[in-house]
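In what follows, a single structure is set out as structure tokens and then discussed.
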There are 2 protein chains.
Amino acid sequence: MARIVMKFGGTSMAGIERIRSVANRVKREWAAGNEVAVVVSAMSGETDRLVGFCREASPLYDPQEYDVVVSAGEQITSGLLAIALQAVGVPARSWLGWQLPIRTSDGHASARIGEIETAGVLGAMANREVAVIPGFQGLAAGERVTTLGRGGSDTSAVAMAAALKADRCDIYTDVDGVYTTDPRIVPRARKLKRVTYEEMLELASVGAKVLQTRSVGLAMKENVRVQVLSSFVDDDAPAADTLPGTMIVGEEEVEAMERQLITGIAHDKNEAKITLTSVPDKPGAVASVFAPLADANINVDMIVQNIAHSTGSTDVTFTVPSSDLARSLDVLSRAKAEIGFESLVHDTRVAKISVVGVGMRSHAGVASKMFTTLGERGINIQAITTSEIKVSVLIHEDETELAVRVLHTAYGLDAEDVAG
Amino acid sequence: MARIVMKFGGTSMAGIERIRSVANRVKREWAAGNEVAVVVSAMSGETDRLVGFCREASPLYDPQEYDVVVSAGEQITSGLLAIALQAVGVPARSWLGWQLPIRTSDGHASARIGEIETAGVLGAMANREVAVIPGFQGLAAGERVTTLGRGGSDTSAVAMAAALKADRCDIYTDVDGVYTTDPRIVPRARKLKRVTYEEMLELASVGAKVLQTRSVGLAMKENVRVQVLSSFVDDDAPAADTLPGTMIVGEEEVEAMERQLITGIAHDKNEAKITLTSVPDKPGAVASVFAPLADANINVDMIVQNIAHSTGSTDVTFTVPSSDLARSLDVLSRAKAEIGFESLVHDTRVAKISVVGVGMRSHAGVASKMFTTLGERGINIQAITTSEIKVSVLIHEDETELAVRVLHTAYGLDAEDVAG
């Protein structure tokens, strides 16, 4: 007997046939005697449809009303899953964000979860009723509907698991676990049995699109055991505690002997590179570049400042999400006089390749091996950033697959290279 | 300056272009200094889509969860209209059913409106903000979402107008007013400037599908002045108080001189005729026919019991909504032993034609003229019912148009026949 939060994404909720299959999956856990709460996304495509309506109604839409509109997608699927569960003999009811409530900040369209009132759900579960909870939505202090930002349902699930003190948060996704790298690029990529929160954070944020980054951060903070599973397993597959997904856990749960030096190789083509040339090399110059971007809520990633030219000026290069490129160029152009750069150059044909692993903390030479391996294949490195458990490089987009493949082999991650 | 509730149906909300047009229409009333609350339907087709999902998920869906699913349609349009209003410079916000709240009975899927808390909306309107309210939805005592049944948004609008003590409830529809009969059948049909609640009730319930019957009954009870207007007038048409719609008012507001003997001719092809032959002619026999139908929540309309045969039995004929025919036949078949009829005959190829007018109270001969007119054209009358302000006959469906046309002429309703 355990208390489990199960989360199903948009692909799993796309149409009644699939919702029925989800109901059977939930029934299996419930019938095993577990207390079950389910967090659901909107049908795939639905949120895009609703966001499209808002944009069409006004490019400068009120985020408070946007939240009213887009939260409807998860409201619909939560009611439908409750109906589908009842149809297979499982008592169930939906609990909308405002009904629990799931309290959030008032940062409409990208609210953060605060307190979750769990009394209703706990009572229902104690009565052997499954609680179906729409992901992505909550309630701000003024009793207005909020949403958590795109992909927020993973975060809803983890927050729910933390609030309910669940034994496990099972996230059903399009993939059946977390791999050492993208199996479409490297067929010999290997599924990881366990991965630490820190590694998952780096893998998620650099492009292994299995879980939303915020949800992993929250899981780490709240110490929620998250399991990534395929939503496309047979209805009659065994219960999730025996399924071969990937468990995301604290570092202490990964035994020393199973800890690899490098856990995986991630890639991300959704960044764009911006270079400001001839920025005055004086105190405050860099701040004048990044302050307006921060004000515009644009996340800047890899930053490279070259050494000063003899002319007393320098070039500043960094990356932003491709979706923010136009806005970034606009912000920077408007700040041109203040920053004092000469020209503004951008390139969307770049990819970020990252080598991730908690093991690298205690091993020198990880970065060096990366640079050597790429250099041997003639792959030019345009920028570098490092963290405690990650080394990332920016390369030309066309070389993404080659880079991932040679690095996967170089770090001994190919399936034949490892035990088990 | 007036306080106005405006209501827009699904066709008016079908897509952002139309919602923008609604926003301009609302702006006109608001800019004239009026306090405005707007009640909206879901985009046309959306409620059908959502109801379809519920049915597909389970034919025996839980009405509580059905309400969660289908209420999403109006939630979406209310948020979108608020955005569209802001885009044309009109301060606006959406007030969901649970936010006001609009208290209803817990009769899920067909709840009745009770108390409406208006403090929020009154405050907003006093601040020159337009309140956008999703129709069709409310909140039951257990804080669960309810809906009012199909077409319930008209009722929401009238209830809102009553609660807000609005000067007027403007219902924007596919037609530009209430006509003496269906203009597609009789091109010389005339738009009525005023019609009484009682007449509108009869016209609505017998097939002039302009307003939902419940909403007219509520308007009468609460004495709400309802105006029916076209939603397809130009964006730059004058404000609604000068538009030539139809005003639905109390009888005292219709002056004697403008009162017609007959207000209109309605037709309804959505009924089916059922005949039970050889029902024992004894006390309680009729009750045994209609009690099981009532238990199954089937509305029986025209009832005709022929005089008893010499055999001591009688035939009972009545109509039910076509959509309830299959269920009715099923209920009656199962009660066959108890009722003791011989055979069960049904016919869906029937139409109900009704002559309506408050004037007929004081005039004999209205029914007689109806029967004579139809008889002269060889139209056979299968059943008759009358009320204080209405005479209805059941005829063969194929003769609907002919019957409406000859009656419209016979009662002097053709456009040339009347002054003005």
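The values are calculated or read from the model by the stated rules, or taken from the named source; none is laboratory data. None of these values were measured; they are calculated from a predicted model. So basically every Cβ, Gly included, is an ideal-geometry build from the backbone, and we count neighbours across all protein chains shown. SASA here: full protein model, heavy atoms, side chains in, ligands and nucleic acids out. Shrake-Rupley method; radii C 1.70, N 1.55, O 1.52, S 1.80 Å.
Some notes on this structure:
- Some residue of the stretch A:34-48 being within 11 Å of another protein chain (Cβ to nearest Cβ), in a helix (DSSP H, G or I) and of a type in the set (Val, Ile, Thr): no
- Cross-chain or 6+ apart pairs with Cβ under 7 Å, the stretch A:58-69 first and facing another protein chain (nearest Cβ under 7 Å), then open to solvent by 50 Å² or more (accessible area, probe 1.4 Å): A:Ser58/B:Gln86; A:Ser58/B:Ala87; A:Tyr61/A:Arg55; A:Asp62/B:Gln86
- Pairs meeting the criteria (first residue in the stretch A:303-316 and within 11 Å of A:Ser278 (Cβ to Cβ), second residue at pLDDT below 75 and open to solvent by less than 90 Å² (accessible area, probe 1.4 Å), beta carbons under 6 Å, at least 6 apart or on different chains) are A:Thr314/A:Asn306; A:Thr314/A:Ala308; A:Asp315/A:Asn306.
- Cross-chain or 6+ apart pairs with Cβ under 8 Å, the stretch A:197-214 first and without any contact (Cβ under 8 Å) to a residue 12 or more places away in the chain, then open to solvent by 10 Å² or more (accessible area, probe 1.4 Å): A:Ser205/A:Thr213
- Residue within the stretch B:349-356 that is open to solvent by 10 Å² or more (accessible area, probe 1.4 Å) and either among the acidic types (Asp, Glu) or touching a residue at least 12 places away in the same chain (Cβ under 8 Å) (or both) present: yes
- Residues that are open to solvent by 10 Å² or more (accessible area, probe 1.4 Å) and in contact (Cβ under 8 Å) with a residue 60 or more places away in the chain were ranked within the stretch B:35-57; the one that is farthest from B:Leu148 (Cα to Cα) is B:Glu35.
- Per the listing B:Val300, B:Val304, the residue uniquely in contact with a strand residue (DSSP E or B) (Cβ under 6 Å, 6 or more places away or on another chain), part of a strand (DSSP E or B) and open to solvent by 30 Å² or more (accessible area, probe 1.4 Å) is B:Val304.
- Residues located in the stretch A:80-95, provided they are in a helix (DSSP H, G or I), facing another protein chain (nearest Cβ under 7 Å) and touching a residue at least 40 places away in the same chain (Cβ under 8 Å): A:Leu80, A:Ala82, A:Ala84, A:Ala87
- Test result for B:Arg214, part of a helix (DSSP H, G or I) and open to solvent by 50 Å² or more (accessible area, probe 1.4 Å): yes
- For the residues A:Met6, A:Met1, the requirement of being over 29 Å from B:Leu60 (Cβ atoms) and away from chain B (no Cβ under 13 Å) singles out A:Met1.
- Exclusive hit being within 23 Å of B:Leu60 (Cα to Cα), at the interface with chain B (Cβ under 10 Å from one of its Cβ atoms) and free of Cβ contacts under 8 Å to residues at least 60 places away in the same chain, set A:Ile76, A:Ile16: A:Ile76
- Within the stretch A:257-294, tally of residues that are without any contact (Cβ under 8 Å) to a residue 40 or more places away in the chain and touching a helix residue (DSSP H, G or I) at 6+ places or on another chain (Cβ under 8 Å): 1
- Hits in the stretch B:373-396 (condition: open to solvent by 70 Å² or more (accessible area, probe 1.4 Å) and modelled with pLDDT of 85 or more): B:Glu376, B:Arg377, B:Asn380, B:Ile384
- Residues in the stretch A:96-107 that are crowded, with 22+ Cβ neighbours inside 10 Å and either touching a Ser or Thr at 6+ places or on another chain (Cβ under 6 Å) or more than 8 Å from every other protein chain (Cβ to nearest Cβ) (or both): A:Gly97, A:Ile102, A:Thr104.
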